[in-house]
Amino acid sequence: MVITTRSETQTVALGRRLGRLLKGWDVVCLYGNLGSGKTTLVRGLASGAGSKNHVTSPTFALARLYRAGRRTIYHLDLYRVAADQTRDIGLEEFVSDPRGICVVEWPKVGEVYYPKDRLVVKLDHVRGGRRLKFAAKGPRSREIIRRLEVA
Ligand SMILES: Nc1ncnc2c1ncn2[C@@H]1O[C@H](COP(=O)(O)OP(=O)(O)OP(=O)(O)O)[C@@H](O)[C@H]1O
Ligand SMILES: [Mg+2]
């Protein structure tokens, strides 16, 4: 599925729709260049999942945790993480928390840790906005996309 957003507000709104569909154990990988809208999407996602926490880029912190009712949103940014440092971050625990929703910017270096069935979003700059391509890697992520299409 491909969606083009024409403003930051539209990207936040899309994230909110996505966040409403997520539940524990879901993993969302956000690929895309600097400024392509990953953190912006997470802002909506966290709000849609029920969090009132303020979302900011975790680039320096590597991971931020938001409370969303009984659930925890793990917001990661692996931009500054080298391949041989991924063991130190806690990725294993984050993705195995049954009440955890894991959202990862610059997910490449952590790929061995994610479940096969994860939602992959590729964000690109296009004229007038951002293009977001959603791809499923299994039945659960397929279900999320199917529901996002009608949400
Ligand atoms: N359609 C759009 N969707 C999202 N952001 C947009 C859009 N149009 C313009 N912008 C702007 O682009 C920027 C996106 O920044 P954001 O921090 O979300 O990117 P990012 O992908 O997380 O970058 P980084 O790789 O540095 O973490 C914001 O300043 C936002 O206002
Ligand atoms: Mg970011």
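Just so you know, all these numbers are worked out from the coordinates, no wet-lab data involved. Computed from a predicted structure; not experimentally measured. For neighbour counting, all protein chains shown are included, and Cβ atoms are generated from backbone atoms with ideal geometry for every residue, glycine included.
Here are the numbers for the structure shown:
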quantity: The chain - Rg (one decimal) and Dmax (whole number), Cα, Å; calculated: 14.0, 41
quantity: Placed amide H near Leu78: partners under 5 Å, 5+ positions off or other chain; calculated: Glu105, Trp106
quantity: Most fluctuating residue given options Val112, Val42, Val121, as computed from a GNM of the chain linking Cα atoms under 10 Å; calculated: Val112
quantity: Whole-Hz ³J(HN,Hα) from phi, Karplus 6.51 cos²θ - 1.76 cosθ + 1.60, for the stretch 99-114, glycine and proline x; calculated: 9, x, 10, 10, 10, 10, 8, 6, x, 3, 5, x, 4, 5, 8, 7
quantity: Gyration tensor over alpha-carbon atoms, the stretch 22-75, equivalent ellipsoid semi-axes in Å; calculated: 18, 12, 11
quantity: The chain: DSSP helices with Cα axial extent of at least 27 Å and average Kyte-Doolittle hydropathy no lower than 0.5; calculated: none
quantity: Residue-wise HN-Hα coupling along the stretch 77-88, computed from phi with Karplus coefficients 6.51, -1.76, 1.60 (Hz; x: Gly, Pro); calculated: 9, 9, 3, 9, 9, 7, 4, 8, 9, 5, 5, 7
quantity: Value of relative contact order over the chain, rounded to a whole percent, pairs C-alpha under 8 Å and six or more apart; calculated: 31
quantity: Lys, Arg +1 and Asp, Glu -1 on Cβ, resulting dipole of the chain about Cα centre, debye, nearest 20; calculated: 660
quantity: Mean ellipticity per residue at 222 nm, deg cm²/dmol - from DSSP H runs of n ≥ 4 across the chain, formula -39500 (n - 2.57); calculated: -8500 deg cm²/dmol
